[in-house]
Amino acid sequence: MEVPEASVVRVRIAPSPTGFAHLGTASTALYNVVFARQRQGTFALRIDDTDVERNRPEYEQLIYEALQWLGLDWDEGPDKGGPYAPYRQSERIDLYKQHAVKLLAEGKAYKCYCTPEELETERRQAQAEKRPYKYSRRCLIDPPKDRTEFTVRFKVPGGEIKFTDMIRGEMTFDAGLIGDFILVKSDGFPTYQFASPVDDSTMKISHVIRGEEHLSNTPYQLMIIDALGYERPEAFAHMPLILAKDGAKLSKRKHPESNLMLYREQGYLPEALINYLALLGWNPGTAQEIFTFHELVGVFSFDRVQHAGARFDWEKLNWINGEWIRAMDDAELAKRLEPFLPSLDEVTITRAVPALKTRMSKLADATEYLDYLWQEPESPTPDADSTERLKLAAEAIKDVPWQPEPIEHALEGVVSRTGISKNKLYTPIRLALTGKKVSLPIHYTLALLPREVALERINRAIRS
Ligand code: GLU
């Protein structure tokens, strides 16, 4: 059966490689991929790299790496090609020029020769007169004859611009409030406001799903699509902004949580971050909080996306990550832990997994829990009571089979025989073995060390 053109779903993200990969990019990518998979559509990755000053190829690599880590794979992109290549804006400069020439020829755009100083004077005057600034159209009405350097400005036609936002419903903007804006800068590079709709049109994007900060750009871009005679995308969706805990917009500079790679470094599972990002701004309408990507594809809908900004919440993320860790198969978890425990062999990691599962909220916690296995702890000298307890413990465990269960059994025997509380008996052992008051369950803390090493550390504490 032939699929009618209008129902072909093509979505895209268009990140700019101007810094580390941003959490917002992952969130936008997620909603785009989920929507594409729901509708058997195509997800394209376009690199918005016309900001020559700030773009770096290594930042582009970081975007790929981050999205791949999250499993948010794209169907078309600079590295994969596709029917609408190239997918890097810097390689599409001629295309933007052709479109600008067309608009100029049809009188829908004009050359503006004003210098930045002249424009600044106009702007200041508007400010002094307390009216919103709009370009005066000086170069449309009476272009200077003696100048050569120019920008290309769009001649805003005025009227109302309406479009459907899948979250906010029908939107209407008054184009009368929008001044003629620049499409091509004097260096020949397009502005974002021009390149983006040219690309969305020529790449046949059917739904533009992006952050709310772009809501006010949509009327500009629709005017350009109309002026070029292209068909508009079917709909837009402007996703809520991700805010820091204090309600401020997440900024690359001020908020480390905006850096996507930080999550990988700290040992958040990509599945858990996807789960968390989905719930940040969207609610399923049920009590379910743990979702696989596959489940999200089944239940996600734009009408359950909130309008207000979504505050980032580490506690919730940690909880979701912990849930994913606890639900994970031991062998798989051991594999994921390897990069965090380079000093340990596979066998030791595998033995530690059941205990780690009960305590970890992120994989990097494992380093903190297990570093006593590869480095000597700095243990404080126990007081007289603690020394006595260490002696009782050492005596009880010195000959038991060196496995968590018999060790636990032996220590519990001491507790029931002497009436010493578990806390009072176990804390000195923890301190002697790890130098820390918090550790994995005591029988694991002991069993993960070779018996002689564990007993030697306890005896050393007794002697100190
Ligand atoms: N380069 C823009 C950004 O990074 C793209 C916005 C859009 O999706 O149109 O936010």
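Where a number appears in this text, it was derived from the coordinates with a stated rule and is not lab data. These numbers come from a predicted model, not from an experiment. With ideal geometry, Cβ positions are generated from the backbone for all residues, glycine too; neighbour counts draw on all protein chains shown.
Projecting the Cα atoms of 139, 343, 266 onto the charge dipole of the chain (Cβ charges, centred on the Cα centre) puts 139 farthest toward the positive pole. The average projected area of region 237-395, computed from the convex hull of its Cα atoms over all directions, is 13.8 nm².
Quick one: if the Förster radius is 56 Å, what FRET efficiency do residue 346 and residue 131 give, using the C-beta to C-beta distance and rounding to 0.05?
Details: r = 71 Å, r/R0 = 1.26.
For residue 346 and residue 131, the calculated efficiency is 0.20.
Taking Cβ atoms as reference points and 15 Å as the exclusive limit, the residues near residue 107 contribute a net charge of +3, counting Lys and Arg as +1 and Asp and Glu as -1. All C-alpha pair distances within region 142-215, sorted into 5 Å bins from zero, spread as 3, 11, 15, 22, 22, 12, 6, 4, 2, 1 percent across the bins.
Nothing charged except the Cβ atoms of Lys and Arg (+1) and of Asp and Glu (-1): what's the magnitude of the dipole of region 242-378 about its Cα centre? Round to the nearest 20 debye.
Working: 16 positive and 21 negative charges, 144 e Å.
My answer is approximately 700 debye.
What size of dipole, in debye to the nearest 20, comes out for the chain about its Cα centre when the only charges are +1 on Lys and Arg C-beta atoms and -1 on Asp and Glu C-beta atoms? Provide the component values of the computation, followed by the final result.
Values: 60 positive and 68 negative charges, 192 e Å.
Taking the Cα centre of the chain as origin, the dipole is about 920 debye.
Pair-distance distribution P(r) for region 108-186, from all Cα-Cα distances in 10 Å bins starting at 0: 16, 40, 28, 13, 2 percent.
Extension gain for residue 235 to residue 304 (0.36 nm times residue separation, less C-alpha to C-alpha distance): 23.2 nm.
Under the √(5λ) rule applied to the eigenvalues of the Cα gyration tensor, what semi-axes describe the equivalent ellipsoid of region 25-103? Give them in Å, descending. Before the final figure, lay out the partial values.
On the way: eigenvalues 116, 59, 21 Å².
Whole-Å semi-axes of the equivalent ellipsoid: 24, 17, 10.
Based on DSSP H runs of at least 4 residues, each adding -39500 (n - 2.57), what is the mean residue ellipticity at 222 nm of the chain after dividing by all its residues, to the nearest 500 deg cm²/dmol?
Details: 19 runs with 209 residues, N = 464.
That comes out to -13500 deg cm²/dmol.
The gain in end-to-end length when the residue 53 to residue 338 segment is fully stretched comes to 98.7 nm, 0.36 nm per residue minus the alpha carbon separation. Taking a straight line from the alpha carbon of residue 80, these lysines sit under 18 Å away, with near neighbours fewer than eight places off in the same chain left out: 204.
A straight Cα-to-Cα reach below 17 Å connects residue 335 with the aspartates and glutamates 265, 271, 345, 346, 365, residues fewer than 8 places away in its own chain not being considered. With the simple model of a label 7 Å out from the Cα in the direction of the Cβ, residue 61 to residue 453 spans 3.6 nm.
For residue 394, the shell of other residues with beta-carbons less than 13 Å away shows a net charge of +2, using +1 for Lys and Arg and -1 for Asp and Glu.
Between residue 79 and residue 358, full extension at 0.36 nm per residue minus the direct alpha carbon distance yields a gain of 96.3 nm.
Unpaired cysteine residues in the chain (no second Cys Cβ under 4.7 Å): 114. Taking a straight Cα-Cα cut-off under 17 Å and skipping sequence neighbours fewer than 8 places away in the same chain, the lysines within cross-link reach of residue 424 are 391, 436, 437.
Of 86, 68, 101, which is farthest on the positive side of the dipole of region 52-127, counting Cα position, with +1 on Lys and Arg Cβ, -1 on Asp and Glu Cβ, and the Cα centre as origin? Checking the options against the dipole of region 52-127, the answer is 101. So if we plug the beta-carbon distance of residue 124 and residue 314 into 1/(1 + (r/R0)^6) with R0 = 51 Å, what FRET efficiency do we get, rounded to 0.05? Once the sixth-power term is evaluated, E becomes 0.70. Considering the chain at the alpha-carbon level, its Rg and Dmax are found to be 30.4, 103 Å. Loop-located trypsin sites (Lys or Arg not before Pro) in region 346-424 (DSSP state not H, G, I, E or B) with no more than 14 neighbouring Cβ atoms inside 10 Å: 398. When the GluC sites (Glu not before Pro) in region 70-145 are filtered for DSSP coil states and for at most 16 other beta-carbon atoms within 10 Å of their beta-carbon, the remaining sites are 106, 129.
Among DSSP beta bridges lying fully in the chain, give the percent that are antiparallel, nearest 5. Walk me through the numbers on the way to the answer.
Working: 17 of 31 bridges.
Taking every DSSP beta bridge with both residues in the chain, the antiparallel ones total about 55 percent.
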